[in-house]
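K.L.:
Can you read through this structure? Questions will come right after.
The values are calculated or read from the model by the stated rules, or taken from the named source; none is laboratory data. What you are looking at is a predicted structure, and each value in this text was computed from that prediction instead of being measured. Virtual Cβ from ideal backbone geometry, glycine too; neighbours counted across all protein chains shown.
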Number of protein chains: 4
Amino acid sequence: MGLTIGVDIGGTKIAAGVVDEEGKILDTHTVPTPSTPEGIVDAICAAVSEAGKGHRIEAVGIGAAGYVDDKRATVLFAPNIDWRHEPLKDKVEQRVGLPVVVENDANAAAWGEYRFGAGQGHEDVICITLGTGLGGGIIIGNKLRRGRFGVAAEFGHVRVVPDGLLCGCGSQGCWEQYASGRALVRYARQRAQATPENAEVLLGLGDGTPEGIEGKHISEAARAGDLVAVDSFRELARWAGAGLADLASLFDPSAFIVGGGVSDEGELVLDPIRKSFRRWLVGGRHRPHAQVLAAQLGNKAGLVGAADLARQG
Amino acid sequence: MGLTIGVDIGGTKIAAGVVDEEGKILDTHTVPTPSTPEGIVDAICAAVSEAGKGHRIEAVGIGAAGYVDDKRATVLFAPNIDWRHEPLKDKVEQRVGLPVVVENDANAAAWGEYRFGAGQGHEDVICITLGTGLGGGIIIGNKLRRGRFGVAAEFGHVRVVPDGLLCGCGSQGCWEQYASGRALVRYARQRAQATPENAEVLLGLGDGTPEGIEGKHISEAARAGDLVAVDSFRELARWAGAGLADLASLFDPSAFIVGGGVSDEGELVLDPIRKSFRRWLVGGRHRPHAQVLAAQLGNKAGLVGAADLARQG
Amino acid sequence: MGLTIGVDIGGTKIAAGVVDEEGKILDTHTVPTPSTPEGIVDAICAAVSEAGKGHRIEAVGIGAAGYVDDKRATVLFAPNIDWRHEPLKDKVEQRVGLPVVVENDANAAAWGEYRFGAGQGHEDVICITLGTGLGGGIIIGNKLRRGRFGVAAEFGHVRVVPDGLLCGCGSQGCWEQYASGRALVRYARQRAQATPENAEVLLGLGDGTPEGIEGKHISEAARAGDLVAVDSFRELARWAGAGLADLASLFDPSAFIVGGGVSDEGELVLDPIRKSFRRWLVGGRHRPHAQVLAAQLGNKAGLVGAADLARQG
Amino acid sequence: MGLTIGVDIGGTKIAAGVVDEEGKILDTHTVPTPSTPEGIVDAICAAVSEAGKGHRIEAVGIGAAGYVDDKRATVLFAPNIDWRHEPLKDKVEQRVGLPVVVENDANAAAWGEYRFGAGQGHEDVICITLGTGLGGGIIIGNKLRRGRFGVAAEFGHVRVVPDGLLCGCGSQGCWEQYASGRALVRYARQRAQATPENAEVLLGLGDGTPEGIEGKHISEAARAGDLVAVDSFRELARWAGAGLADLASLFDPSAFIVGGGVSDEGELVLDPIRKSFRRWLVGGRHRPHAQVLAAQLGNKAGLVGAADLARQG
């Protein structure tokens, strides 16, 4: 099979990209994300049609946030779009006249990294995506493992603190409340509030108030040695690494891949995550350790992964 | 392949059993567990030889507590025996002259239940064993998943309480400190200490002191309606069910199988576990629910599973 | 000294009451709570003037939510009113021409209960108020203990869960997030969401949705045996009682008094609180136990207490 | 009143000291601690008699670990000595012919610091003692507050982690499991186990193994910049400071005094405790902050305090 199109449905824009068998993106087209379910279907089809112009496309893969069923056809539930049992595969197939595969976006990104990024050569890889929230994907025995009903690898909603922070999912103490971009901002704001004298750089990058602190400020301030910013990354890493240690107890992969916007900071965040992982790894002296690797495909992982999953049918 | 022998190495005795292709045990032989590594090898070989008399045996499968390497040959580490990188497969093969497979005992038990017990017909099953501690096994896509290095499915050592109870593994807050036979006894003793007026039946079954309470007393007292005993089971179930909900977020299996001595109590413990599982399952309204099933093979699961794994080579 | 006026500043109304030396309320006047700081001063003065008509008043005591300074004159900070270092005593004294004492409302309520309610005859009493949030007051050696700077007894903001629920105060894991009227509603909604089959009575009292559940529904449903409602009270009691056990380790009073709207449910909530208190009391076999008593003055405790504090000068 | 004798009952020795009205120790005598209750009474009397030789003594104060009743006469329970309702005051009075006061040792130490050490000039002081465990004392309004039944200020057994570490008291998650000398050693051993490459100095000071690490090694290694040692102190300080913030919410004192063996390290431990205190203090921007002071009397605080309490009768 030759070229396929991967579609990434984001909160603000929908990107479609033509991808070849080596995971190379040949063409892309981007449209704003509409607010209604039907508008989104329209937008997906338009982006696919536009990106595919002049290419011979054989299939389409769509990555979407939410629960996707075991047939990779229906979105059971989406946190940010009003989809409930939405037959996305059928709707798009009818419109674009190509085979369509729907996949959870974090699964798609994990597959992209496994096939063409940091996971190449590994048979058993666990990916985590530290974006606004925390997602991930499981590759075992060279296959994406989606669970019996399609909703495996919801790492962000594993409970790490009993009676802990409320989560958008309705539960409490979910991992993504402690290890994610949103958590990082909360850490920084809380610390800047309590000890502003340690956050002068950080506060100076925003509007001077704790509430004005945003993710990009924390990275920049941490690079400049701002104590609150550095400590916020350390706190994030403490939870991320401890969670990876738990995943090692469960899955024992040969590698973890850490992606998502937070991981764009590279060693600033990866180094403390590795330390924390080692700190908490159970039985660490008696077992080989998984590698903790930075993702390589950036925010293209989902698009490329979705395209490749479509190729595989 | 015809008959194989499964070996189960317990804390007090080593059992070897001849098992046919339907998982039926044709013959068994049991010897006491010696205290030295070499003594244990001797005992395994003696039990195998004795059990196999009069049968044509084709392979031997050994289930052992501890980390078993990816080749299913070497015990990397055992918690209760002084094994460090013990080449158990080679040692036994040389002595019994048959192919040998070594497997983690909880993995072997999970495989036994999947093949011949509660897991039949499921492709994706997670087993947990509530014994003295908490172990388990992962079947995905009809295969036992051992991890890249052989040490996956160490469920009991996932951290469920940050800064929680010390565990024998050196870590803190491990799931098995909250959901296991040992935890059940602790719950009962603590409650009987604090409110002896609610534990009259329970205290009466032992020597009258909280320290004298043992697991069997708790089951009997719970059946008689003893408040502390009932509440202790409920506390165990609270943690067990919440952990299963986390495993559902990770693995999304079609079924969970609950085995181990604690599960011998049947619905007394399974019913509250199911309730707690439902209580904590993330996204429960938007996804199919895994079944929570009682194990069917009792304490033979490990022996039968090890024998079958040997058959599969 | 004879009659004094107590003022209770609530979220929706301000009540002034003429109180005699036995804590009896002779006259009251109530006005709506204005939205601005100055409006509130006006309203206080109007209520005092109106209530006092025909009485010879010697002093005024005002109970206000927030931090009140060590001189009982200035509100340092109020959570619901835009007061920052508000010289409330001076402002009201100038207008009403009487000595004024300002006190934290939970402190005032504690004093009221100690003098004329459940705390009579005790020298060392700890009061907790389970209202929307959780407040309290400390009486040691027959004196209200306000701390060096006036802000003691902020029980609701003691951390009971590290990395726990966000609190309006900016911290996490505060006791009032787990033991308060607001917590009770959260417990009920979460449980009704997860297991609606156990909340039929409860859901039927509101609009049928978990979000429609309110505090009054939970009490009524609990009385009717609704499982979710009963379990929600039990969860509240679990946290309330464990917190009282901690307060016993710290203060070792002869009695705890439990007031606030939640305590209006009487034994429905007090009985499980007592059980939980006993469960968690450290060293319980080696020490006398404090009593856990229901408050007696209901929502008049603050007004009566403030009036009496004014009398004492 | 002139001279009194203070007695400090330690785990290995019993010290008696003649103390004047300025808290100065004029003479001391020390004997080994016997193992039986009666032996200890003998030893106390012997030490008192020996120390008092040549002085005109008016009273004796005894500091003992455990619960002391409200009359300061009977030890209700002692954790390390087989005392249950031991009438220590009567027994010693009969033998030495002087008025005797018995006090909890941490209370006595707190009183010593308040009268002659870091607490001079403060009316409301909370002392915590970071020794092997965590104890403390409460001074409010210039008086030692012992609670209604004599067992207040058991700070070490406030629950700071639900379902946390087991404590010798039978409860779980007690503060002293996280902030004490014993906790410090645990932190260091766990970290040295997980990441020995960061503990080279620390491991070198003992026998090279994590188990060989002792408290004194951690201080020395921290001074030399050993990462694990520094991080262990930071972890201790994290818990100590968060606990002080809770005590500020409860007691609002003008000062905290930190004593006990751990505090001998001075700013190495006090500086991070202060930072952590500030980090967690609720409402910190709207209230005056208590000072966090180092104790001044070292391990003499208990003896001096007991002597002074005896003087006050």
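K.L.:
For the range A:194-253, which residues satisfy the criterion of being part of a helix (DSSP H, G or I) and among the polar types (S, T, N, Q)?
P.N.:
Result: A:N198, A:S219, A:S232, A:S249.
K.L.:
Say we look at the range B:180-220 and pick out the residues that are among the hydroxyl-bearing types (S, T, Y) and more than 29 Å from the chain's Cα centre (by Cα); which of these is surrounded by the most Cβ atoms within 10 Å (Cβ to Cβ)?
P.N.:
B:T195
K.L.:
Being within 14 Å of chain B (Cβ to nearest Cβ) and at positive phi: is that true of A:D246 here?
P.N.:
Spelling it out, it is not the case that A:D246 is within 14 Å of chain B (Cβ to nearest Cβ) and at positive phi.
K.L.:
Could you list, in sequence order, the residues of the range B:130-168 that are modelled with pLDDT of 95 or more and β-branched (V, I, T)?
P.N.:
Answer for the range B:130-168, where residues must be modelled with pLDDT of 95 or more and β-branched (V, I, T): B:I138, B:I139, B:I140, B:V151, B:V158, B:V160, B:V161.
K.L.:
Another question, then. Just give me the residues in the range A:259-285 being assigned to a helix (DSSP H, G or I) and either buried (at least 22 other Cβ atoms within 10 Å of the Cβ) or within 14 Å of chain B (Cβ to nearest Cβ) (or both), in sequence order.
P.N.:
Of everything in the range A:259-285, those that are assigned to a helix (DSSP H, G or I) and either buried (at least 22 other Cβ atoms within 10 Å of the Cβ) or within 14 Å of chain B (Cβ to nearest Cβ) (or both) turn out to be A:V262, A:S263, A:V269, A:I273, A:S276, A:F277, A:R278, A:R279, A:W280, A:G284, A:R285.
K.L.:
I need a count of the residues in the range C:178-210 that are touching a helix residue (DSSP H, G or I) at 6+ places or on another chain (Cβ under 8 Å), of a type outside the set (A, V, I, L, M, F, W, C) and within 14 Å of chain B (Cβ to nearest Cβ).
P.N.:
Counting residues in the range C:178-210 that are touching a helix residue (DSSP H, G or I) at 6+ places or on another chain (Cβ under 8 Å), of a type outside the set (A, V, I, L, M, F, W, C) and within 14 Å of chain B (Cβ to nearest Cβ) gives 10.
K.L.:
Tell me, which residue of the range D:24-70 that is touching a Pro at 6+ places or on another chain (Cβ under 8 Å) and surrounded by fewer than 17 Cβ atoms within 10 Å (Cβ to Cβ) is nearest to D:W83 (Cα to Cα)?
P.N.:
D:D42
K.L.:
I'd like to know if the range B:236-243 contains one or more residues that are within 9 Å of another protein chain (Cβ to nearest Cβ), surrounded by 21 or more Cβ atoms within 10 Å (Cβ to Cβ) and free of Cβ contacts under 8 Å to residues at least 24 places away in the same chain.
P.N.:
Looking for residues that are within 9 Å of another protein chain (Cβ to nearest Cβ), surrounded by 21 or more Cβ atoms within 10 Å (Cβ to Cβ) and free of Cβ contacts under 8 Å to residues at least 24 places away in the same chain, one finds none in the range B:236-243, hence no.
K.L.:
Given the condition within 7 Å of another protein chain (Cβ to nearest Cβ) and touching a strand residue (DSSP E or B) at 6+ places or on another chain (Cβ under 6 Å), answer yes or no: does some residue in the range A:125-134 qualify?
P.N.:
No, the range A:125-134 contains no residue that is within 7 Å of another protein chain (Cβ to nearest Cβ) and touching a strand residue (DSSP E or B) at 6+ places or on another chain (Cβ under 6 Å).
Matching residues to (1) aliphatic (A, V, I, L, M); (2) closer than 29 Å to D:V151 by Cα; (3) part of a helix (DSSP H, G or I); (4) under 11 Å from the mean Cα position of the chain (by Cα):
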site: C:K89; (1), (2), (3), (4): no, no, yes, no
site: C:V102; (1), (2), (3), (4): yes, no, no, no
site: C:N107; (1), (2), (3), (4): no, yes, yes, yes
site: C:R115; (1), (2), (3), (4): no, yes, yes, no
site: C:G119; (1), (2), (3), (4): no, yes, no, no
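K.L.:
Further, regarding this structure: Please go through the range C:156-177 and give me each residue that is at the interface with another protein chain (Cβ under 7 Å from one of its Cβ atoms) and either part of a helix (DSSP H, G or I) or aromatic (F, W, Y) (or both), ordered by number.
P.N.:
If the condition is that a residue be at the interface with another protein chain (Cβ under 7 Å from one of its Cβ atoms) and either part of a helix (DSSP H, G or I) or aromatic (F, W, Y) (or both), then C:H157 is the only one that fits.
K.L.:
What are the residue pairs meeting all of these: first residue in the range D:148-164, first residue closer than 18 Å to D:H85 by Cβ, second residue among the hydrophobic types (A, V, I, L, M, F, W, C) and surrounded by 24 or more Cβ atoms within 10 Å (Cβ to Cβ), Cβ atoms under 7 Å, and 6 or more apart or on different chains?
P.N.:
Close Cβ pairs satisfying both conditions: D:G150/D:V68.
K.L.:
For the range A:1-51, name all the residues that are modelled with pLDDT under 95 and part of a helix (DSSP H, G or I).
P.N.:
A:P37, A:E38
Residue-by-condition table, conditions (1) among the acidic types (D, E); (2) more than 20 Å from the chain's Cα centre (by Cα); (3) within 28 Å of B:T28 (Cβ to Cβ):
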position: B:G241; (1), (2), (3): no, no, no
position: B:I257; (1), (2), (3): no, no, yes
position: B:E265; (1), (2), (3): yes, no, yes
position: B:R274; (1), (2), (3): no, no, no
position: B:F277; (1), (2), (3): no, no, no
position: B:R287; (1), (2), (3): no, yes, no
position: B:A294; (1), (2), (3): no, no, yes
position: B:G305; (1), (2), (3): no, no, yes
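K.L.:
Is there a residue being part of a helix (DSSP H, G or I), in contact with a Gly (Cβ under 9 Å, 6 or more places away or on another chain) and closer than 28 Å to B:G215 by Cβ anywhere in the range B:76-87?
P.N.:
No - not one qualifying residue is present in the range B:76-87.
Table: residues versus (1) in contact (Cβ under 8 Å) with a residue 24 or more places away in the chain; (2) touching a Phe, Trp or Tyr at 6+ places or on another chain (Cβ under 9 Å); (3) not assigned by TED's automatic domain parsing to the domain that holds C:E22.
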| residue | (1), (2), (3) |
| --- | --- |
| C:T33 | yes, no, no |
| C:A46 | no, no, no |
| C:A59 | yes, no, no |
| C:A64 | yes, yes, no |
| C:Y67 | yes, yes, no |
| C:G97 | no, no, no |
| C:G136 | yes, yes, yes |
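K.L.:
Related question: Say whether the condition of being at pLDDT 95 or above and over 26 Å from B:G156 (Cβ atoms) is met by at least one residue in the range B:60-70.
P.N.:
Yes: the range B:60-70 contains one or more residues that are at pLDDT 95 or above and over 26 Å from B:G156 (Cβ atoms).
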